[in-house]
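K.L.:
I am attaching a structure below and will ask some questions about it afterwards.
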Amino acid sequence: MTDLTPITALGASAPADQHFGPLRISENADMALASLALRRAADMPAPMGLELPAPGKWSQGQGVAAFWTGPDQWMIEAETRATEDFAAELASHAPGCSITEQTDAWTVFEITSDRGDAPIRAMMEKLVNIDTGSFGPGSATRTGLHHLSVFLVRRAEDRLAVMTMRSMARDLWHVLQETARRLKGEPA
Amino acid sequence: MLIPHPLLGLRDAQEFTYLGDARLIDRPDGMAEGAEAAFAEYVYLRDNPAGVHRELWFHEQGDRSWLIVTRDTVTHEILGAELARNVALAANGGEA
């Protein structure tokens, strides 16, 4: 068989990881993703014991998490399972739902702060037109960022995930890098 | 301009694309008697009020739902927004 070398969305052999003052931006290449949509008049499932969140929300279960992406539609995340057939497993836990594999369609960047929520909020204020005050932990939404379509997931006060289409990984990385670099000098 | 999304709250109008008059969801039956005249009217004739107008907006950079937004075309004041899906379902008596 042909000897193939896997590369990340940014074209490197290892996921990107960089520090900017209080902020750290790292590529999360290990997360498996699958979308789950309900069919008409279907009952709400609880795949893998996960409580599917309300509009604009993100919820966490045992090793899996989910965020709302549209009416009757969610994205399910599974840490460290990017190389498995996660969609197939999810489908076995959610009979009657429409499941599609999404892992390789997205690139996920995790922004963490070691100085509380202020640097995360400063990043959001520079990048997206979302009310940061009401976008607390457990919030998730899709919005525009530098003409890119992104999902934002506020995993904690000091942690924000930004995801976009994998083919746009370099553009998003560039934007996040530039913004974090410019914020570095500002008092948090 | 902010649009009060029924599910997500106030959202920037830049996330939306505009389609036009909300009457577009009342598509005539193409197989019915007089369909040609009904379609000519449906495709070409629009009211163009100076005042309150109901129009279709698509939350493209968002949850991809269609909204019916009531807007005052004179002041650009947004008077309300509802999910087009709910409006269509209510009009058809719950049948999708």
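The values are calculated or read from the model by the stated rules, or taken from the named source; none is laboratory data. Fair warning: this is a prediction, and the values are worked out from it, not measured in the lab. For neighbour counting, all protein chains shown are included, and Cβ atoms are generated from backbone atoms with ideal geometry for every residue, glycine included.
K.L.:
Assess whether B:R23 counts as being crowded, with 16+ Cβ neighbours inside 10 Å, basic (K, R), at negative phi and not in a loop (DSSP other than H, G, I, E, B).
P.N.:
Here the answer is no, as B:R23 does not meet what is asked.
K.L.:
Residue by residue through the stretch A:45-58, note down the ones that are touching a Leu at 6+ places or on another chain (Cβ under 7 Å) and either within 14 Å of chain B (Cβ to nearest Cβ) or in a strand (DSSP E or B) (or both).
P.N.:
Once the filter is applied, which keeps residues that are touching a Leu at 6+ places or on another chain (Cβ under 7 Å) and either within 14 Å of chain B (Cβ to nearest Cβ) or in a strand (DSSP E or B) (or both), the stretch A:45-58 yields A:P55, A:G56.
K.L.:
Given the options B:L67, B:L79, name the one that is aliphatic (A, V, I, L, M), within 20 Å of B:P4 (Cβ to Cβ) and surrounded by fewer than 16 Cβ atoms within 10 Å (Cβ to Cβ).
P.N.:
B:L79
K.L.:
Quick check on my filter: what residues within the stretch A:142-169 are assigned to a helix (DSSP H, G or I) and either out of contact with any helix residue (DSSP H, G or I) (no Cβ under 8 Å at 6 or more places or on another chain) or under 17 Å from A:F67 (Cα atoms) (or both)?
P.N.:
Those that are assigned to a helix (DSSP H, G or I) and either out of contact with any helix residue (DSSP H, G or I) (no Cβ under 8 Å at 6 or more places or on another chain) or under 17 Å from A:F67 (Cα atoms) (or both): A:S167, A:M168, A:A169.
K.L.:
So, in the stretch A:133-148, of the ones that are hydroxyl-bearing (S, T, Y) and crowded, with 16+ Cβ neighbours inside 10 Å, which residue ends up nearest to B:A13 (Cα to Cα)?
P.N.:
Among those residues, the one meeting the criterion is A:T143.
K.L.:
Taking A:I111 as meeting all but one of (1) under 26 Å from B:S65 (Cβ atoms); (2) crowded, with 19+ Cβ neighbours inside 10 Å; (3) at pLDDT 95 or above, write down the number of the exception.
P.N.:
Only one criterion in (1) under 26 Å from B:S65 (Cβ atoms); (2) crowded, with 19+ Cβ neighbours inside 10 Å; (3) at pLDDT 95 or above is unmet by A:I111, namely (1).
K.L.:
Against the condition within 24 Å of B:T17 (Cα to Cα), part of a helix (DSSP H, G or I) and more than 14 Å from chain B (Cβ to nearest Cβ), how does A:L172 come out, does it pass?
P.N.:
yes
Results for (1) hydrophobic (A, V, I, L, M, F, W, C); (2) in contact with a strand residue (DSSP E or B) (Cβ under 9 Å, 6 or more places away or on another chain); (3) closer than 16 Å to A:R40 by Cα, shown as yes or no for each residue.
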residue	(1), (2), (3)
B:H53	no, yes, no
B:G62	no, yes, no
B:I68	yes, yes, no
B:R71	no, yes, no
B:G80	no, yes, no
B:G93	no, no, yes
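K.L.:
If the requirement is being in a loop (DSSP other than H, G, I, E, B) and touching a residue at least 60 places away in the same chain (Cβ under 8 Å), which of these qualifies: A:A14, A:A34, A:A9, A:A42?
P.N.:
Answer to the selection: A:A9.
K.L.:
Before we move on, is A:A87 under 27 Å from B:E60 (Cα atoms), of a type in the set (G, A, S), part of a loop (DSSP other than H, G, I, E, B) and free of Cβ contacts under 8 Å to residues at least 60 places away in the same chain?
P.N.:
In short, no.
K.L.:
Could you tell me how many of the residues in the stretch A:108-131 are within 14 Å of chain B (Cβ to nearest Cβ) and either among the polar types (S, T, N, Q) or under 13 Å from A:E157 (Cβ atoms) (or both)?
P.N.:
Of the residues in that region, 2 qualify.
K.L.:
Select from the stretch B:56-96 the residues that are in contact with a helix residue (DSSP H, G or I) (Cβ under 9 Å, 6 or more places away or on another chain) and farther than 18 Å from B:D21 by Cα and write down the one among them that is farthest from the other protein chains (Cβ to nearest Cβ).
P.N.:
Within the stretch B:56-96, the match that is farthest from the other protein chains (Cβ to nearest Cβ) is B:E95.
K.L.:
Here is a further query. When the stretch A:60-74 is examined, which residues are found to be within 12 Å of another protein chain (Cβ to nearest Cβ) and either part of a strand (DSSP E or B) or at pLDDT 95 or above (or both)?
P.N.:
Correct list: A:F67, A:W68, A:T69, A:G70, A:Q73, A:W74.
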